[in-house]
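Okay, so here's the structure we're looking at.
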Amino acid sequence: MKLMDCHVHIPALNQRDLEVMALSNVKAVIAHTSEPEVYKDIPSQSIFDFAERMVSFHAWRAAKYYIDVYVCTCVSMVGVPVDYEVALARLPEFVKRPDIIGLGEVGFEPNSATCSDLAVQEKILRAQMDIARDADKTIDIHTPLTDKPKWVDRYLGIIAEHKVNPAKVVIDHANETCVKMITDAGCWAGITIQPFRKVRAPEAAQMVKAGNMDLILVDSDSGIPESDSLAVPKTALEMKRLGMTEADIEKVLWDNPRRAYGIA
Ligand SMILES: [Zn+2]
């Protein structure tokens with residue numbers, strides 16, 4: 001069986017994580033941008049340096065474990081550069097590169113340490129909706145920890161206003177309060193398994209089984225907060241315990257992320 005973890009922050013995965021992931025059938029990860037290495041007063045250049053480092057160094061590191069790394073870049077809401085307009089001006093050309101598969105993760109985060117102004121965050125989000133649409137790349141949108149249906153509703157409005165194809169949108173960190181809202185709108189619902197999100201593999205497997213399996217993704221969001229690099233393999237096990245076939249497990253945990261991000 002092949003599995004993909006379609007939302008990781010790859011600098012947080014050490015060699016031991018990569019080894020156990022490889023031993024658990026994880027054959028690929030999608031690496032997203034959040035805080036590019038420095039926390040505050042980030043210059044826009046650091047976003048592009050961070051993407052280059054994922055494409056080169058981190059992909060090389062993971063290849064030792066036969067794990068492919070696909071890279072998304074963006075101006076993340078938690079890593080907003082002081083000169084973010086420079087980054088937004090450069091992104092349309094940068095994301096055309098074939099080794100950049102999408103924009104992520106973008107969205108609103110009220111607790112951002114680099115940009116607490118939600119109006120500025122909205123401006124950055126809307127600009128990146130246009131960039132993703134024009135480049136025909138997938139965009140991954142983060143939902144804040146609480147009031148998820150409220151945020152999802154706001155995102156669906158913005159997606160429609162910017163005429164972004166819902167099939168190219170992942171609304172991530174979905175839980176039981178919003179998975180159906182997201183898939184009913186034709187977007188991909190990314191279920192994130194992380195201790196502080198109070199979603200574990202058994203709950204994720206239940207959500208997959210009860211939901212629209214054509215539009216659900218599962219990820220670990222492995223990063224700075226406490227995470228589980230085995231979140232996706234554990235979900236595969238729980239799906240099996242619910243009586244799901246290996247074909248359905250591989251469809252959700254391997255084929256779906258490839259379809260969502262247009263990976264050949
Ligand atoms: Zn993330």
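Observations on the structure shown:
- Selection count, segment 159-195, where residues are within 16 Å of the ligand (Cβ to nearest atom), small (G, A, S) and farther than 15 Å from T138 by Cα: 1
- Residues (among the acidic types (D, E) and closer than 13 Å to L156 by Cβ) located in segment 177-203: D184
- Unmet criterion (only one of (1) within 21 Å of A135 (Cβ to Cβ); (2) surrounded by fewer than 22 Cβ atoms within 10 Å (Cβ to Cβ); (3) at pLDDT below 95) for V55: (3)
- P11 falls short on exactly one of the conditions (1) within 16 Å of the ligand (Cβ to nearest atom); (2) in a helix (DSSP H, G or I); (3) buried (at least 22 other Cβ atoms within 10 Å of the Cβ), and that condition is (3).
- Picking from residues in segment 136-153 that are of a type outside the set (A, V, I, L, M) and in a strand (DSSP E or B), the one that is nearest to the ligand (Cβ to nearest atom) is H142.
- Restricting attention to segment 14-52, the residues being under 19 Å from I249 (Cβ atoms), surrounded by 18 or more Cβ atoms within 10 Å (Cβ to Cβ) and away from the ligand (no atom under 16 Å from the Cβ) number 3.
- Single residue of L217, L237, L156 found to be within 16 Å of the ligand (Cβ to nearest atom), modelled with pLDDT of 95 or more and either assigned to a helix (DSSP H, G or I) or of a type outside the set (G, A, S) (or both): L217
Matching residues to (1) touching a residue at least 12 places away in the same chain (Cβ under 8 Å); (2) touching a His at 6+ places or on another chain (Cβ under 8 Å):
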residue	(1), (2)
G223	yes, yes
P233	yes, no
T245	no, no
N256	yes, no
G262	yes, no
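The values are calculated or read from the model by the stated rules, or taken from the named source; none is laboratory data. Bear in mind that the values here come from a model prediction, so they are computed numbers and not experimental data. With ideal geometry, Cβ positions are generated from the backbone for all residues, glycine too; neighbour counts draw on all protein chains shown.
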